[in-house]
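Computed from the coordinates by the stated procedures, all read-outs in this text should not be read as laboratory data. Nothing here was measured: the structure is a model prediction, and the numbers come from that model. Cβ atoms come from the backbone with ideal geometry, glycine included; neighbour counts cover every protein chain shown.
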């Protein structure tokens with residue numbers, strides 16, 4: 001696992017209330033769910049919000065939540081491996 005860039009963390013201070021960690025497999029699962037449901041290709045970081053919602057389901061139960069789904073910057077090999085297994 002890589003460490004975040006200090007500059008990026010500094011930009012977040014004062015802007016966010018919390019940061020949730022999700023496992024790599026949860027990112028891939030979220031990408032697959034969106035691809036099957038909507039036909040949209042996301043990159044792993046673009047699926048992080050959905051992955052967090054799934055991993056921390058009880059935390060968000062009964063709340064109105066939105067997340068951004070973004071980025072399709074994956075290689076053809078990654079697409080075959082992650083989205084067309």
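Using alpha carbons only, how many degrees (0 to 90, rounded to 10) separate the axis of helix 24-38 from the longest principal axis of the chain?
Between the helix axis and the principal axis of the chain, the angle is about 60 degrees.
Which order, highest average first, do 36-44, 73-81, 11-19, 23-31 follow once you tally other Cβ atoms within 10 Å for each residue and take the mean per peptide?
Values: 36-44: 14.0, 73-81: 11.7, 11-19: 7.3, 23-31: 17.3.
Output ranking for 36-44, 73-81, 11-19, 23-31: 23-31, 36-44, 73-81, 11-19.
Under the rule of -39500 (n - 2.57) per DSSP H run of 4 or more residues, summed and divided by the residues of the chain, what mean residue ellipticity at 222 nm is obtained, to the nearest 500 deg cm²/dmol?
-13500 deg cm²/dmol, from helical runs alone.
Quick one: compute the contact order of segment 18-83, relative version, from alpha carbon pairs under 8 angstrom and 6+ residues apart, as a percent. Show your work: numbers first, answer last.
Working: 65 pairs, mean separation 24.5, N = 66.
Worked out over segment 18-83, it gives 37 percent.
Go ahead and run the numbers for FRET between residue 54 and residue 7, Cβ-Cβ distance against an R0 of 30 Å, rounding to 0.05.
0.55
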